[in-house]
Every structure is written in structure tokens, then in C-alpha cells.
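Single-structure report; data block below.
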Amino acid sequence: MPVLLIASILPDVDGLMSETVAGHHSILHTPICWIVIFGLMVFVGRIIQNKKIKPISLGIFLGTQLHLITDWITARTVGIKWLYPFSDKDYFLYQIQPEQGQLPVWEMVQNPYFSFYMDNGLLFWIEIGIILITIVLIFKNRPSGLEN
Ligand SMILES: [Zn+2]
């Protein structure tokens with residue numbers, strides 16, 4: 001679970017190297033990148049006969065794919081290139097507005113970007129709902145040894 005949680009934010013590492021919100025989807029935001037990493041990890045795990053690498057690689061794969069799926073659903077300025085490198089087509093559920101994402105990543109949490117982000121109220125409240133459900137699930141499923 002910790003591997004999956006950490007992996008679920010790994011694709012956004014490219015935001016640290018990008019000049020704009022709309023430009024931050026590098027190869028880390030493509031499924032093929034994580035399929036290759038997963039395959040390499042499983043391969044290396046077999047070569048060195050380490051049984052821990054397989055569940056770790058599965059956690060990384062599932063966490064990063066969860067990230068890509070949620071980025072695809074909540075895309076506002078840039079989508080997901082599901083078929084990269086075979087196609088450069090950006091996929092998104094709601095129409096994206098790349099022109100709104102021409103600002104530094106650290107300016108996402110302030111206006112005018114934050115107002116734009118909240119324009120799609122359905123998406124915004126789905127995201128808040130997912131966060132609340134996650135908090136409930138974390139507290140409901142915490143290990144019983146931690147209760148005392
Ligand atoms: Zn992302």
C-alpha cells in the first residue's frame with residue numbers, strides 16, 4: 001500500500017521540470033513508460049531472484065496507472081497520450097483548454113487558475129468526494145494495532 005500511494009504521485013515529478021501547467025505531461029504521463037519500468041523490474045527480480053521486487057513493481061504500476069486514469073478524467077489543460085509512442089493524440093473526458101495552463105505549476109493554487117479549475121463544478125466536487133472517501137477508508141481500515 002505505501003508503494004502504491006507513493007507511485008500514485010510519481011508521474012507528477014515532471015511538473016518540477018516543466019515551465020507550465022499545460023506542458024507538464026512528459027513521458028511520465030504515458031502508460032508505456034510504466035509498462036516498460038514494470039517489465040524491467042519483473043525481469044530484474046527474476047534474474048536476481050528477489051521475490052519482493054514483483055509486488056513492489058506491481059504497486060508502482062497500479063499506482064501510476066491510477067494517476068493517469070484520474071488525470072484523464074479530470075484533465076483541464078492537458079490530456080493523457082494513452083497510445084504514445086504510436087500516437088501523439090491527447091485524450092480527455094471534458095474539453096481541455098491548454099491556453100489556460102500557460103502559467104507556472106506553482107501558480108495553480110491561486111487565481112486566475114484556481115477559478116478556472118473550479119469552473120467545472122462536477123469535476124471539482126468529484127475530486128473533493130474522492131478525497132473524503134479516501135480519508136474515511138484510511139480511518140476505517142487502519143491496522144488495529146495502532147488504535148491503542
Ligand atoms: Zn499528473
Requested in this report: Evaluate the following for L83: is it within 30 Å of V3 (Cα to Cα), surrounded by 13 or more Cβ atoms within 10 Å (Cβ to Cβ), free of Cβ contacts under 8 Å to residues at least 60 places away in the same chain and more than 16 Å from the ligand (Cβ to nearest atom)?
Outcome: yes
Query raised in the report: If you check every pair at least six apart or on different chains, which have Cβ atoms under 8 Å apart with a residue in region 11-29 that is in contact (Cβ under 8 Å) with a residue 24 or more places away in the chain and near the ligand (Cβ under 10 Å from one of its atoms) first and a residue that is open to solvent by 40 Å² or more (accessible area, probe 1.4 Å) and not in a helix (DSSP H, G or I) second?
Result: H25/K81; H29/K81
Report summary line: Exactly one of G121, G59 is in contact (Cβ under 8 Å) with a residue 24 or more places away in the chain and small (G, A, S), and that residue is G59
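Does F38 fit the bill of being open to solvent by 50 Å² or more (accessible area, probe 1.4 Å), at pLDDT 95 or above and farther than 27 Å from D90 by Cβ?
no
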Query raised in the report: Is one or more of the residues making up region 54-67 under 15 Å from the mean Cα position of the chain (by Cα), surrounded by fewer than 17 Cβ atoms within 10 Å (Cβ to Cβ), more than 22 Å from L137 (Cα to Cα) and more than 12 Å from the ligand (Cβ to nearest atom)?
Result: no
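The values are calculated or read from the model by the stated rules, or taken from the named source; none is laboratory data. Everything quoted here is computed from the prediction, not taken from an experiment. Glycine also receives a Cβ, built like all others from the backbone with ideal geometry; neighbour counts cover every protein chain displayed. Please note that ligands, DNA and RNA were not included when accessible areas were found on the heavy atoms of the full protein model with its side chains. Shrake-Rupley method; radii C 1.70, N 1.55, O 1.52, S 1.80 Å.
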